[in-house]
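Scroll down for the structure; my scribbles are underneath it.
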Amino acid sequence: MGVGIIGTGCFLPSRVLTNRELESMVDTTDDWIFQKVGVRERRIAAPHEATSDLAIFAAQDALRNASVTPEEIDLIILATSSPDMIQPATAAIVQGKLGALNSAAFDVSAVCAGFVYAVTVAEAMMKSNPLYAKALVIGAETYSRILDWTDRTTCVYFGDGAGAVVLGRLQGSLGIHTSYLKNDGRGAGAIRYLGGGSRHPTSSETLAKNLHRFEMNGRAVWDFATTACPASIRQVVSDAGLKVSDVDWVITHQANINIIKASLEELGIPFSKTYTTIEKYANTAGASIPITLAEAHKKGLFKKGDKIVLVGFGGGLSLGAMYLEWGIEHPGSQRLLKRQSVRLTSHQRN
């Protein structure tokens, strides 16, 4: 038996911050953000909502979808680059509040590729140790807490949210087949947020200015992503003994609509084979893949046996890709697809 996704879930805060509102905060325009990034609006966590809170709501949604109780979970891995605190692990906070007291729980920090890293680790642990029969993998972020909202080069890109999947045993060829993880630490400075263990300048004024400041080199990220994303898709598909044309769906990290378009175009994959949420939720870092996966699943887009690639890329510079065969039969999905065509986003129509 293999290991695969048996349930999905997501949670988005209720507060919506539109591009129009950002126009009054920084020197930018709705049109520029949409054309250059693909974002119309993003969600912002309420003052009382921590990363762990968003994670819990997404986890509960995934557990309901999988018909699994918290007590049945043996392992929780949470991918985040905006944890509640440096210690303890945010996954431990989630475990306690969720009531999944039979599980191990820890965090993974690989920024926007974190969810693929976390799923890869969970699959390996489940295959090597029979004690781990069911795992809960979560991606959750509250970037609104670490952004500089006066910096137009970063704040327009990001939003808050959480997504989750439940992993379990699947028969036959269903489930995860191949994965590919890689880093290029030479670009570690391209995306960063200084923490308590970093080497700081001696000036207290400089320290106060830079310690809690999110920074991103957009050009470096673009150059890395548009090269690494297509290469990693080719890698996991080739390792599975397939051609790129065999893939039914590619679900990517929602960093920039133009990165997604460029990557798929290089591979000759039609844009109709992906699903995007960036226009509504912006870049939710480690949460973007599970959010997008959950929303596509709930819309009934995936059929049991569909060949799907997940790919994340970002700070580190980190890269993660995975090929799997979808193992969930969505009730009524065939009926929905026969009754009406899938409503495309404005990007997909273009």
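Of the residues Val156, Val116, Val121, which single one is of a type in the set (A, V, I, L, M, F, W, C), out of contact with any Gly (no Cβ under 6 Å at 6 or more places or on another chain), modelled with pLDDT of 95 or more and not in a strand (DSSP E or B)? Let's see the steps before the verdict.
On the way: Val156 fails: modelled with pLDDT of 95 or more; Val116 fails: out of contact with any Gly (no Cβ under 6 Å at 6 or more places or on another chain).
So the residue among Val156, Val116, Val121 that is of a type in the set (A, V, I, L, M, F, W, C), out of contact with any Gly (no Cβ under 6 Å at 6 or more places or on another chain), modelled with pLDDT of 95 or more and not in a strand (DSSP E or B) is Val121.
Of Arg186, Arg169, Arg152, which residue is in contact with a Ser or Thr (Cβ under 6 Å, 6 or more places away or on another chain) and surrounded by fewer than 24 Cβ atoms within 10 Å (Cβ to Cβ)? Working first, answer last.
Values: Arg186 fails: in contact with a Ser or Thr (Cβ under 6 Å, 6 or more places away or on another chain); Arg169 fails: in contact with a Ser or Thr (Cβ under 6 Å, 6 or more places away or on another chain).
One residue alone meets the criteria, Arg152.
Could you pull out every one of the helices (runs of 4 or more DSSP H) wholly within region 1-85 that has 3 or more residues that are in contact with a strand residue (DSSP E or B) (Cβ under 7 Å, 6 or more places away or on another chain) and surrounded by fewer than 23 Cβ atoms within 10 Å (Cβ to Cβ)? I'd like the intermediate steps shown before the answer.
Working: elements: 19-23, 30-36, 51-66.
The qualifying helices (runs of 4 or more DSSP H) are 51-66.
If you go through region 257-266 one residue at a time, do you hit one that is among the charged types (D, E, K, R) and within 18 Å of the chain's Cα centre (by Cα)?
The initial filter retains those residues of region 257-266 that are among the charged types (D, E, K, R), namely 261, 265-266.
Subsequent filtering for residues that are within 18 Å of the chain's Cα centre (by Cα) retains 261.
Within region 257-266, one or more residues are among the charged types (D, E, K, R) and within 18 Å of the chain's Cα centre (by Cα).
Out of Leu147, Leu101, I need the residue that is out of contact with any Phe, Trp or Tyr (no Cβ under 9 Å at 6 or more places or on another chain), in a loop (DSSP other than H, G, I, E, B) and outside the structural domain of Thr277 (by TED's automatic domain parsing). Which one?
On the way: Leu147 fails: out of contact with any Phe, Trp or Tyr (no Cβ under 9 Å at 6 or more places or on another chain).
Sole residue among the options that is out of contact with any Phe, Trp or Tyr (no Cβ under 9 Å at 6 or more places or on another chain), in a loop (DSSP other than H, G, I, E, B) and outside the structural domain of Thr277 (by TED's automatic domain parsing): Leu101.
Please specify each residue of region 42-58 satisfying the condition of being touching a Lys or Arg at 6+ places or on another chain (Cβ under 6 Å) and either within 22 Å of Thr153 (Cβ to Cβ) or assigned by TED's automatic domain parsing to the domain that holds Gly286 (or both).
The answer is Ile44, and nothing else.
Farther than 22 Å from Val37 by Cα, assigned to a strand (DSSP E or B) and either modelled with pLDDT of 95 or more or of a type in the set (Lys, Arg) (or both), is that true of Val166? Explain how you work it out, then say what you get.
Working: farther than 22 Å from Val37 by Cα: yes; assigned to a strand (DSSP E or B): yes; either modelled with pLDDT of 95 or more or of a type in the set (Lys, Arg) (or both): yes.
So Val166 passes the test.
If you check Leu293 against the conditions, is it modelled with pLDDT of 90 or more, buried (at least 18 other Cβ atoms within 10 Å of the Cβ) and not in a helix (DSSP H, G or I)?
On the way: modelled with pLDDT of 90 or more: yes; buried (at least 18 other Cβ atoms within 10 Å of the Cβ): yes; not in a helix (DSSP H, G or I): no.
No; evaluated as a whole, the condition is false for this residue.
Would you tally the residues in region 228-244 being more than 19 Å from the chain's Cα centre (by Cα) and in contact (Cβ under 8 Å) with a residue 24 or more places away in the chain?
Number of matching residues: 7.
The values are calculated or read from the model by the stated rules, or taken from the named source; none is laboratory data. None of the values given here were measured: they were computed from a predicted structure. Quick reminder, even Gly has a Cβ in these numbers, built from the backbone with ideal geometry, and neighbours come from all protein chains shown.
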